[in-house]
Amino acid sequence: MPGTRGRLLIVDDSSTVRRSIERHILSDRVTEIYQAANGREAMELFERYLPEFVTMHLAMPEMDGLTCITRMLAMKPDTRLMVISALGDAETAIEAVERGANEYVVKPFSAEDLNLALANLVAGA
């Protein structure tokens, strides 16, 4: 998957966080960006666009991030996923990585942490 270009789905119930992630996409490998405010929206957009990359917040209304990760990877196993989680939710984030997430960023995150994780996500590192 290294060198892949593709779509990114940003999933977070905070519009501020979604915009922050979108602003930090520095890679020309991301061709389109979609945003979802909850797990239900995320699954609808995922099924419609089958993005190559996903950033996923874990604690969301309507469907949690762990459920989304499991369903997304069942549909498209080569999807590159980055979990974004609050520090107090570390055990859940570890479970997300065990379920197949590729990257993990703790909220609150610095611009540098986010940039590095996004670069790794789209580079397939």
Within the set of pairs 6+ apart or on separate chains, which have a first residue in region 24-48 that is in contact (Cβ under 8 Å) with a residue 60 or more places away in the chain, a second that is β-branched (Val, Ile, Thr) and open to solvent by 30 Å² or more (accessible area, probe 1.4 Å), and C-beta atoms under 9 Å apart? 25/33; 29/4
Could you grab me the full set of residues in region 75-93 that are of a type in the set (Val, Ile, Thr) and in contact with a Phe, Trp or Tyr (Cβ under 8 Å, 6 or more places away or on another chain)? 79, 83, 84
Could you tell me which residue of region 46-70 is surrounded by the most Cβ atoms within 10 Å (Cβ to Cβ), considering only residues that are touching a Gly at 6+ places or on another chain (Cβ under 9 Å) and charged (D, E, K, R)? 52
Just one listed residue, out of 61, 51, is over 17 Å from residue 116 (Cα atoms), modelled with pLDDT of 95 or more, assigned to a loop (DSSP other than H, G, I, E, B) and not aliphatic (A, V, I, L, M), and it is 51
Picked from region 7-38 (must be surrounded by fewer than 17 Cβ atoms within 10 Å (Cβ to Cβ) and of a type in the set (Ser, Thr, Tyr)), the residue nearest to residue 62 (Cα to Cα) is 14
Any chance region 90-103 includes a residue that's open to solvent by 30 Å² or more (accessible area, probe 1.4 Å), of a type in the set (Gly, Ala, Ser), in a helix (DSSP H, G or I) and at pLDDT 90 or above? no
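The values are calculated or read from the model by the stated rules, or taken from the named source; none is laboratory data. Predicted, not measured: the structure shown is a model, and the values here were computed from it. When we count neighbours, we look across all protein chains shown, and the Cβ atoms used for this are built from the backbone with ideal geometry, even at glycine. Please note that ligands, DNA and RNA were not included when accessible areas were found on the heavy atoms of the full protein model with its side chains. Shrake-Rupley method; radii C 1.70, N 1.55, O 1.52, S 1.80 Å.
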